[in-house]
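Below is one structure, written out as structure tokens; comments come after it.
The values are calculated or read from the model by the stated rules, or taken from the named source; none is laboratory data. Everything numeric in this text was worked out from a predicted model, so none of it was measured. So basically every Cβ, Gly included, is an ideal-geometry build from the backbone, and we count neighbours across all protein chains shown.
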Amino acid sequence: MPEIPKTYEANKYEDGIYKLWEESGFFNPDNLKLPKNAKNYSIVMPPPNVTGVLHMGSAMMLAVEDLLIRYNRMQGKRTVWIPGTDHASIATQNRVEKDLKKEGLDRHILGKKEFLKRVEKFALDSQKTIIKQAKKMGSSCDWSRLAYTMDETRSCAVKNVFKLMYDDGLIYRGKRIVNWCPRCHSTLANDEVEYETQKTKIYTFKYDANFPFLISTTRPETKLGDTAVAVNPKDERYKKFIGQKIKANFVGIPLELEIISDRGVDMNFGTGALGVTPAHSMVDWKMAQKNKLRIIEVIDESAKIKESFGKFSGKSVAEARDEIVEELKKRGLLEKEDEIENNLSVCYRCSTPIEPLPSLQWFVDVNKKINKFKGKSIKETCFQAVKKGVFGNKPIKIIPKRFEKNYFTWMDNLEDWCVSRQIWFGHKLPVWYKDEEIYVGVKSPKGNNWTQDEDTLDTWFSSGLWTFSTMAKKPEDISIEKGKIKIDTKDFKNFHPTAILETMYDILFFWVARMIIMTTYGIGDIPFQDVYLHGCVRDKFGDKMSKSKPETNIDPLDVCDKYGTDAVRLSLLIGTTPGNDLKIYEEKIQNLRNFVTKIWNIYRYCIFSSPTFILTSDVRKEDLKSLSDKWIVSQLNNVISEVSIDLENYKFSLAGEKLQKFTWDELASWYLEIHKLEKNDKVLGYLLDKVLKLWHPFMPFVTEKIWQDAYKTKFKVRPLKFSRSNPGKMLMVEKWPVSDKKLIDKKAEKEFQDLQEMIGKIRNIRSSYHIDPRKIINAYSNKILNKEIIEKLARVKFSDPKGQKDRPLESGIDMVSGNSKIVLDIAESIDIEKEKKNLEKEIANLENLISKIECLLNNKNFLASAPREIVGNNKIKLNEYREKIKSQKELLKNIAKL
RNA sequence: GGGUCUGUAGCUCAGUUGGUUAGAGUGCGUCGUUGACAUCGACGAGGUCUGCAGUUCGAGUCUGCACAGACCCACCA
């Protein structure tokens, strides 16, 4: 008999199992002999940023997607999971800059070329780490299709899409007010700006002594660029000034201010009059457009005051503010300063305050009507893709549904998307300039004197193409044909649109919506049929996990090592619902580790119980001998269909719970116990076979390990060899079980459940009288006992020794050796009252004694503080006591019998 | 300011289209096990389903309001 350890030692086997899978080549569907008409199933992995390492959120993503992939692969579909990484331009550049700072360098000292080399190296190293970690999680993705948003093929896709958009007039260049990060020295998209509430001063002042009324501002330094003052048209105080142009000398700088009316002005805020600075405020910019105001730029790209503002020029924004306030005070123009709370816009990457300023940038026009969308805009088309469906597809389904609403409102309010960034690391714009000429193309233009635009593209531009760009194998696969992007590969035909996009809800707008935009436009098709959004993985206290909080932060690799990857995966899959955050902590993982141990021990029992144990894929009705066989097999087939339906509907947690209930409460607790007395190895082999298959997508390692071992035992070959021509004995590519209706036996289920219930009642007193429920079932199965007798047994009542409640009680029966009929007669003939009194007295004494000892020993403080030796000794003592008590109880029982 | 979500046992959460006595896991208490299972089993305690009102024969579930919390969007001169 093989030596099997009592617990599953995850970290001993996992790497080996992964290697076995990987070497089989079956992560790649091309290596599986599938029928031509096999259905296709594809997921494109949300590419982790190359900035860092795997965190619990990525582990969640991998667990869910691998579950889906393994389930569908086992269903015989042509299944592929395409992995990749994202260059994450701003984030990665910042990360490398931080490292440089430690060396006392910065990117300008290094120069662009050297800097980019370093970034590339960093990205490559990081990618290696990410791959290693994804493998540790058991991810069954096809590494031969690995993609990177900056590799040659993906870059080619980016250029093609950019050109296509430019030619369609969807991409334009213009000077517009943008969010500028003075530290990153780049623009930011609207949704890359975050807000922080802060306390700040609001100043109420006059531009100069002659100006007719007061205005309020939190940013006096921008007032150098004011070209108008806006008031509410209904405001009686200022009505008479509307339309006037007033000259003013503002702290030494001459201004010409037009008084305009705008309904957006709040009469009750400040003085009700607002100084309009078109160049440095989003709202003011829009007013300036409407009223054709002059635009005066005050602040430059380093957040310093520009030339021609006298003594303020060259000063930083903060310095200029102080000096202007000082100057106003000096001139007696400052009426008052109050403290208020407002929102400061900051860069989402580096938290530096944003300066809105006008800049020449590239934009995607989301409102332009385009012919190929039947005269509809991108915005309208993408709205319909989820609402009604486009291009003959069903509507894209967002799970959970409530996020659809968010999507619609976002899409509705979408404004032109600024795609150019002044970041070094990223896709360079495929745009060249010569004098006044502009050339946009996939390849650089012929002829001299062309210079390429120095800007790079927003990182979401390339990740927006992800579902189809990953389907190309080489740049030549990508071309523009009939106003669309053409990807000329088998993968594209087979796998696009992908089945599902799975990601965390926080990038619904950043990424998911952008993918819908870019794909509907570029390919003329939807990128995916379903969107599954998982929640945020949080710590015990509900806070976001972060390395800066090491006491609650969980590194997935640490816990995988400690408890096994399977337990970690289960902890992320069970007890969670889509779109809702989940709290995770070690105890949770530990509990699920116990379940993995349970499965392991089910297998261990199988091997111990029968030296000839083998897994069986099928069982016939004739093979089911006892009632318990019929019951468990029937239950199993119910579970198979329920779990399959749940998985189809993305109810992973529910499926897991049902499986857990079946495995633990029905298979292990009942069937295995009965099996000890009456063996049916064929049924046992069948049950384990199915249980392993059902659990495999949830916990691939332990199930594969057991599967392998079971076959090793059978064939006595070590190690078993697998080849592409012989995929048979690898669980990963086994067929997913199908529920066999013929094996569902409602009658047997009902009969067994009744029995369970009755035994449950008898069981209540099992602890005192050592009645083994297995024996009752066994006796029933062998027709020693019939249902009526068992029912009677369940009804026989004695008073509980503690006098709490009436409990069914049966005295001293040995079900197997004894004749149950006689036993029952004894039970019925007992003088209940007399028996009660005698027993009560004796038992009360005993219970008292026991509780005293147990109390002492179960005292946690005592156990925790005491050295192990002492606790050990006391345990021995306890056992001595128990022995004594036991023998006394036996005595009592005998008395009772007489 | 606009919107979304959440509130169920000490803790973490399920609860499908309204339908018997509101569930699971964990924790706690008691007892029993140590020959598949550094475990496991049985039993027990623990809930005004945040509150109020409404619809209904019937509400954890639907509606309205209130309270508490989380998040998203817009944005404050």
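Scanning segment A:192-223 for residues that are within 12 Å of RNA strand B (Cβ to nearest atom) and among the aliphatic types (A, V, I, L, M) yields A:VAL193, A:ILE202, A:LEU214, A:ILE215. In summary, A:ASP618 fulfils each of the numbered conditions (1) more than 16 Å from RNA strand B (Cβ to nearest atom); (2) buried (at least 21 other Cβ atoms within 10 Å of the Cβ); (3) of a type in the set (Asp, Glu) with the single exception of condition (2). One residue stands out among those in segment A:180-189 that are hydrophobic (A, V, I, L, M, F, W, C) and either crowded, with 24+ Cβ neighbours inside 10 Å or assigned to a strand (DSSP E or B) (or both): the one that is nearest to RNA strand B (Cβ to nearest atom), which is A:LEU188. Cβ separations smaller than 6 Å between residues 6+ apart or across chains give the following pairs from segment A:641-654 residues that are closer than 16 Å to A:TYR532 by Cβ and within 10 Å of RNA strand B (Cβ to nearest atom) to residues that are assigned to a loop (DSSP other than H, G, I, E, B) and not small (Gly, Ala, Ser): A:SER653/A:ILE574; A:SER653/A:THR576. Condition first: under 26 Å from A:LEU146 (Cβ atoms) and buried (at least 21 other Cβ atoms within 10 Å of the Cβ). Can you find one or more residues in segment A:432-452 that meet it? No, segment A:432-452 contains no residue that is under 26 Å from A:LEU146 (Cβ atoms) and buried (at least 21 other Cβ atoms within 10 Å of the Cβ). Please pick out the residue among A:PRO445, A:PRO497 that is over 14 Å from A:LEU164 (Cβ atoms), touching a residue at least 60 places away in the same chain (Cβ under 8 Å) and not aromatic (Phe, Trp, Tyr). Sole residue among the options that is over 14 Å from A:LEU164 (Cβ atoms), touching a residue at least 60 places away in the same chain (Cβ under 8 Å) and not aromatic (Phe, Trp, Tyr): A:PRO497.
How about segment A:644-665: which of its residues are part of a helix (DSSP H, G or I) and surrounded by fewer than 19 Cβ atoms within 10 Å (Cβ to Cβ)? Once the filter is applied, which keeps residues that are part of a helix (DSSP H, G or I) and surrounded by fewer than 19 Cβ atoms within 10 Å (Cβ to Cβ), segment A:644-665 yields A:SER644, A:ILE645, A:ASP646, A:GLU648, A:SER653, A:LEU654, A:GLU657, A:LYS658, A:GLN660, A:LYS661, A:TRP664, A:ASP665.
Taking into account only those residues within segment A:265-282 that are surrounded by fewer than 21 Cβ atoms within 10 Å (Cβ to Cβ) and near RNA strand B (Cβ under 8 Å from one of its atoms), which is nearest to the chain's Cα centre (by Cα)? Outline the logic, then answer.
Initially, segment A:265-282 is screened for residues surrounded by fewer than 21 Cβ atoms within 10 Å (Cβ to Cβ), giving A:266-272, A:281-282.
Subset that is near RNA strand B (Cβ under 8 Å from one of its atoms): A:266-270, A:272, A:281-282.
On the way: A:ASP266: 43, A:MET267: 46, A:ASN268: 45, A:PHE269: 43, A:GLY270: 45, A:GLY272: 47, A:SER281: 37, A:MET282: 35 Å.
Among them, the one singled out is A:MET282.
Scanning segment A:551-587 for residues that are surrounded by fewer than 19 Cβ atoms within 10 Å (Cβ to Cβ) and basic (Lys, Arg), which turns out farthest from RNA strand B (Cβ to nearest atom)? Per the stated criteria, the residue is A:LYS562.
This table checks each residue for (1) within 16 Å of RNA strand B (Cβ to nearest atom); (2) of a type in the set (A, V, I, L, M); (3) within 18 Å of A:MET730 (Cβ to Cβ).
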residue: A:LEU34; (1), (2), (3): no, yes, yes
residue: A:HIS55; (1), (2), (3): no, no, no
residue: A:ILE82; (1), (2), (3): no, yes, no
residue: A:ARG95; (1), (2), (3): no, no, no
residue: A:GLU103; (1), (2), (3): no, no, no
residue: A:HIS108; (1), (2), (3): no, no, no
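Annotation for segment A:25-32: no member residue is more than 22 Å from A:GLU502 (Cβ to Cβ), part of a loop (DSSP other than H, G, I, E, B) and within 16 Å of RNA strand B (Cβ to nearest atom). For segment A:332-437, the strands (runs of 3 or more DSSP E) that sit wholly inside it and include 2 or more residues that are in contact with a Cys (Cβ under 7 Å, 6 or more places away or on another chain) are A:355-364.
So that you can scan it fast, the table gives a plain yes or no per residue for (1) over 24 Å from A:GLN198 (Cα atoms); (2) at pLDDT 85 or above; (3) in contact with a Leu (Cβ under 7 Å, 6 or more places away or on another chain); (4) within 15 Å of RNA strand B (Cβ to nearest atom):
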position: A:GLY225; (1), (2), (3), (4): yes, yes, no, yes
position: A:ASP235; (1), (2), (3), (4): yes, no, no, yes
position: A:ALA248; (1), (2), (3), (4): yes, yes, yes, no
position: A:PRO254; (1), (2), (3), (4): yes, yes, no, no
position: A:ARG263; (1), (2), (3), (4): yes, no, no, yes
position: A:ILE296; (1), (2), (3), (4): yes, yes, no, no
position: A:ALA318; (1), (2), (3), (4): no, yes, no, no
position: A:ILE324; (1), (2), (3), (4): no, yes, no, yes
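Go through segment A:332-358 and give me each residue that's farther than 30 Å from A:LYS206 by Cα and either without any contact (Cβ under 8 Å) to a residue 12 or more places away in the chain or touching an Asp or Glu at 6+ places or on another chain (Cβ under 9 Å) (or both). Before the answer, list the steps.
At the first step, the residues of segment A:332-358 found to be farther than 30 Å from A:LYS206 by Cα are A:347-352.
Answer for segment A:332-358, where residues must be farther than 30 Å from A:LYS206 by Cα and either without any contact (Cβ under 8 Å) to a residue 12 or more places away in the chain or touching an Asp or Glu at 6+ places or on another chain (Cβ under 9 Å) (or both): A:CYS347, A:TYR348, A:ARG349, A:SER351.
Give segment A:283-294 a look and list any residue that's charged (D, E, K, R) and away from RNA strand B (no atom under 13 Å from the Cβ), or say none. Before the answer, list the steps.
Within segment A:283-294, the first condition is being charged (D, E, K, R), and the residues that meet it are A:284, A:286, A:290, A:292, A:294.
Answer for segment A:283-294, where residues must be charged (D, E, K, R) and away from RNA strand B (no atom under 13 Å from the Cβ): A:LYS290, A:LYS292, A:ARG294.
Restricting attention to segment A:601-611, report how many residues are part of a helix (DSSP H, G or I), surrounded by fewer than 20 Cβ atoms within 10 Å (Cβ to Cβ) and more than 6 Å from RNA strand B (Cβ to nearest atom). Spell out how you get there, then give the answer.
Pass one, segment A:601-611, residues part of a helix (DSSP H, G or I): A:601-609.
If we keep only those that are surrounded by fewer than 20 Cβ atoms within 10 Å (Cβ to Cβ) as well, we get A:601, A:604-605, A:607-609.
Retained after the next criterion (residues that are more than 6 Å from RNA strand B (Cβ to nearest atom)): A:607, A:609.
Total satisfying the criteria: 2.
If you scan segment A:479-495, which residues turn out to be assigned to a helix (DSSP H, G or I), of a type outside the set (Asp, Glu) and either modelled with pLDDT under 95 or surrounded by 15 or more Cβ atoms within 10 Å (Cβ to Cβ) (or both)? Steps first, answer last, please.
Of the residues in segment A:479-495, the ones assigned to a helix (DSSP H, G or I) are A:490-495.
Keeping just the survivors that are of a type outside the set (Asp, Glu) gives A:490, A:492-495.
Scanning segment A:479-495 gives A:PHE492, A:ASN494, A:PHE495.
Being buried (at least 17 other Cβ atoms within 10 Å of the Cβ) and β-branched (Val, Ile, Thr) is true for just one of A:ILE242, A:ILE299. Which residue is that? If you could, list the steps in order and put the result at the bottom.
Details: A:ILE242 fails: buried (at least 17 other Cβ atoms within 10 Å of the Cβ).
Of A:ILE242, A:ILE299, the one residue that is buried (at least 17 other Cβ atoms within 10 Å of the Cβ) and β-branched (Val, Ile, Thr) is A:ILE299.
Answer yes or no as to whether A:ASP709 is out of contact with any Ser or Thr (no Cβ under 9 Å at 6 or more places or on another chain), at pLDDT 65 or above and more than 22 Å from A:LYS621 (Cα to Cα). Yes: the conditions hold for A:ASP709. Answer yes if at least one residue in segment A:533-546 is among the acidic types (Asp, Glu) and over 25 Å from A:LEU508 (Cβ atoms), and no otherwise. Within segment A:533-546, not a single residue is among the acidic types (Asp, Glu) and over 25 Å from A:LEU508 (Cβ atoms). In the condition set (1) farther than 30 Å from A:THR381 by Cα; (2) in contact with a Lys or Arg (Cβ under 7 Å, 6 or more places away or on another chain); (3) assigned to a loop (DSSP other than H, G, I, E, B); (4) more than 8 Å from RNA strand B (Cβ to nearest atom), A:LYS540 is compliant with all but (4).
For beta carbons closer than 7 Å, sequence separation of 6+ or different chains, a first residue in segment A:409-429 that is modelled with pLDDT under 90 and a second that is of a type in the set (Phe, Trp, Tyr) and within 12 Å of RNA strand B (Cβ to nearest atom), the qualifying pairs are A:TRP410/A:PHE509.
Please state which one of A:THR197, A:THR218 is surrounded by fewer than 18 Cβ atoms within 10 Å (Cβ to Cβ), among the polar types (S, T, N, Q) and more than 20 Å from A:ILE299 (Cβ to Cβ). Show your work before the answer.
Values: A:THR218 fails: more than 20 Å from A:ILE299 (Cβ to Cβ).
None of the other options fit; the residue is A:THR197.
Would you point out which residue out of A:TYR532, A:TYR521, A:TYR439, A:TYR505 is in contact with a Leu (Cβ under 6 Å, 6 or more places away or on another chain) and hydroxyl-bearing (Ser, Thr, Tyr)? Reasoning before the result, please.
Details: A:TYR532 fails: in contact with a Leu (Cβ under 6 Å, 6 or more places away or on another chain); A:TYR521 fails: in contact with a Leu (Cβ under 6 Å, 6 or more places away or on another chain); A:TYR439 fails: in contact with a Leu (Cβ under 6 Å, 6 or more places away or on another chain).
Going through A:TYR532, A:TYR521, A:TYR439, A:TYR505 in turn, the sole match is A:TYR505.
Among residues that are over 30 Å from A:SER444 (Cα atoms) and away from RNA strand B (no atom under 16 Å from the Cβ), A:MET137 is included. Put simply, of A:TRP410, A:TRP424 the only residue that is touching a helix residue (DSSP H, G or I) at 6+ places or on another chain (Cβ under 8 Å), away from RNA strand B (no atom under 16 Å from the Cβ) and either over 24 Å from A:THR149 (Cβ atoms) or aromatic (Phe, Trp, Tyr) (or both) is A:TRP424.
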